[in-house]
Amino acid sequence: MRTLVATLAGLACLIALAGPAPAAEPATLNLTLVNIEYEGTKIWVPGTIVVKKGTKVTLKLINNVKAEPNQHGFAIPGYNVAAIVNRGESQTVEFTADKAGVFPFICQLHPAHVGGELVVLE
Ligand SMILES: [Cu+2]
């Protein structure tokens, strides 16, 4: 009997210590985007990024365009994200995708440069 009481007390203690379940870790996405030139067109690839709302997004940006200029931009205006990427010097941008929707990304330096879309699912 004494053992049973001690065991029950121990269990009660464990349950009290456990408390409410801890909040789930936010989802993360680590992705590399590469800027290339294909048949005369500069393109960020991949052209579509899909995440769920709340995801912590880290994008490594590599400028592999051999032609001049040696500098291209990467910007997601809807998320106030912008970077200038020199050939041979990768950049990293980080943000939390905290609003759902479709947000274009562009090279803010060259309007003809092909960008893509960040899709944030509800
Ligand atoms: Cu560009």
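Yes/no per residue for (1) within 12 Å of the ligand (Cβ to nearest atom); (2) of a type in the set (A, V, I, L, M, F, W, C); (3) out of contact with any Asp or Glu (no Cβ under 8 Å at 6 or more places or on another chain):
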{"position": "VAL85", "(1), (2), (3)": "yes, yes, yes"}
{"position": "SER90", "(1), (2), (3)": "no, no, yes"}
{"position": "PHE95", "(1), (2), (3)": "no, yes, yes"}
{"position": "ASP98", "(1), (2), (3)": "no, no, yes"}
{"position": "GLY101", "(1), (2), (3)": "no, no, yes"}
{"position": "CYS107", "(1), (2), (3)": "yes, yes, yes"}
{"position": "PRO111", "(1), (2), (3)": "yes, no, yes"}
{"position": "GLY115", "(1), (2), (3)": "yes, no, yes"}
{"position": "VAL120", "(1), (2), (3)": "no, yes, yes"}
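Restricted to segment 52-67, and to residues there that are over 13 Å from VAL34 (Cα atoms), under 11 Å from the mean Cα position of the chain (by Cα) and open to solvent by less than 50 Å² (accessible area, probe 1.4 Å), the residue that is farthest from the ligand (Cβ to nearest atom) is GLY54. Identify the residue in segment 68-82 that is under 21 Å from THR41 (Cβ atoms) and of a type in the set (A, V, I, L, M) and, among all such residues, is nearest to the ligand (Cβ to nearest atom). Among residues in segment 68-82 that are under 21 Å from THR41 (Cβ atoms) and of a type in the set (A, V, I, L, M), the one nearest to the ligand (Cβ to nearest atom) is ALA75. Of all the residues in segment 40-50, those that are of a type in the set (Val, Ile, Thr) and open to solvent by less than 10 Å² (accessible area, probe 1.4 Å) number 1. When GLY40 is tested against (1) modelled with pLDDT under 60; (2) within 16 Å of the ligand (Cβ to nearest atom); (3) small (Gly, Ala, Ser), only condition (1) is not met. Within segment 71-115, the set of residues being on the phi > 0 side of the Ramachandran plot and in contact with a strand residue (DSSP E or B) (Cβ under 7 Å, 6 or more places away or on another chain) comprises GLY101 only.
In this structure, is LEU118 among the aliphatic types (A, V, I, L, M) and not in a strand (DSSP E or B)?
Here the answer is no, as LEU118 does not meet what is asked.
The values are calculated or read from the model by the stated rules, or taken from the named source; none is laboratory data. Not measured: the values here are computed from a predicted model. When we count neighbours, we look across all protein chains shown, and the Cβ atoms used for this are built from the backbone with ideal geometry, even at glycine. Heads up: the accessible areas ignore ligands, DNA and RNA and are worked out on the full protein's heavy atoms, side chains in. Shrake-Rupley method; radii C 1.70, N 1.55, O 1.52, S 1.80 Å.
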